[in-house]
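One structure below.
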Amino acid sequence: MDSVPLDYRIETPRLVLRMSAKEETDFVWDATRHPGFNDGMLWNMPESKEELDEFVGNVPERWLSGDGYLFTFRDKAKDEPLGRIVLERRCGGWNAGFWTHPRYQGAGYATEALGGVLEFAFEGLGLKAVGACHAEWNVASRAVLERNGFRFKLRIEEGFEKDGEWIAQDSLSINRDQWLALRQASASNR
């Protein structure tokens, strides 16, 4: 895929993923108001909706430059947003990150969205590997990654700083061959 158009969509059985937009600010704002929502994220709870608008403002430019793809995953039947997932160049490689609105957590949406993004990464973009990090205590994020075939690489004791304290992070990754093997195994189990 030479260039990814701004209207590019990924469809999974229950979800549609498309480029995140400023019109979703209220949805993101609401998610950030839930206690603990931002604890494991590199970004702090925003102080205003304008702060969120500024963040999303560069999404089309990053998308067109091939530098990063921020998707909102939406319920296919109801067309309502459930969470966000990003695939971006960071720290010398391609990395994924995701969150699900607290109202919709625990239903497998992030697992499904990540599966769609990995297909986009390996088949659409031709990437060789994708990495991801999570706060070491965030077992839910680790489970999403492992269900999609990610494997533990290392613990980073000073992964990121939050409110003046270091948070340890676990780094995981999956390469194209591992992803293809997992796909093949799940297809033969059907």
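Here, each number is a calculation from the coordinates, and none is a lab measurement. None of the values given here were measured: they were computed from a predicted structure. Because the Cβ atoms are built from the backbone with ideal geometry, glycine has one as well, and the counts that use them run over all protein chains shown.
Bridging of Lys22 to lysines at a Cα separation below 25 Å is possible for Lys49, Lys76, Lys78, once same-chain residues fewer than 8 apart are set aside. From its DSSP helices (H runs of at least four residues, each -39,500 (n - 2.57)), the chain gives a residue-normalised ellipticity at 222 nm of -8500 deg cm²/dmol. Count charges around Glu80 for me, please; just the other residues with Cβ under 11 Å from its Cβ, Lys/Arg as +1, Asp/Glu as -1. Once positives and negatives cancel, what remains is +1. Taking each residue as 0.36 nm, the span from His34 to Val4 lengthens on full extension beyond its C-alpha to C-alpha distance by 7.4 nm. Each label point was placed 7 Å from the Cα along the Cα-to-Cβ direction; for Arg155 and Asp79 their separation is 4.7 nm. When both region 1-35 and region 49-81 are represented by their alpha-carbon centers, they are found 5 Å apart. For the pair Ser188 and Ser65, label points projected 7 Å from Cα toward Cβ lie 4.3 nm apart.
A simple spin-label model places pseudo-atoms 7 Å from Cα toward Cβ; at Glu136 and Glu123 they are separated by 3.8 nm.
Computed from the mean reciprocal separation of all distinct C-alpha pairs, what Kirkwood hydrodynamic radius does region 9-188 have, in Å? Averaging 1/r across every pair of different Cα atoms and inverting gives 16.8 Å.
Computed from the alpha carbon positions, the gyration tensor of region 57-152 leads to an equivalent ellipsoid with semi-axes of 20, 18, 12 Å, biggest first.
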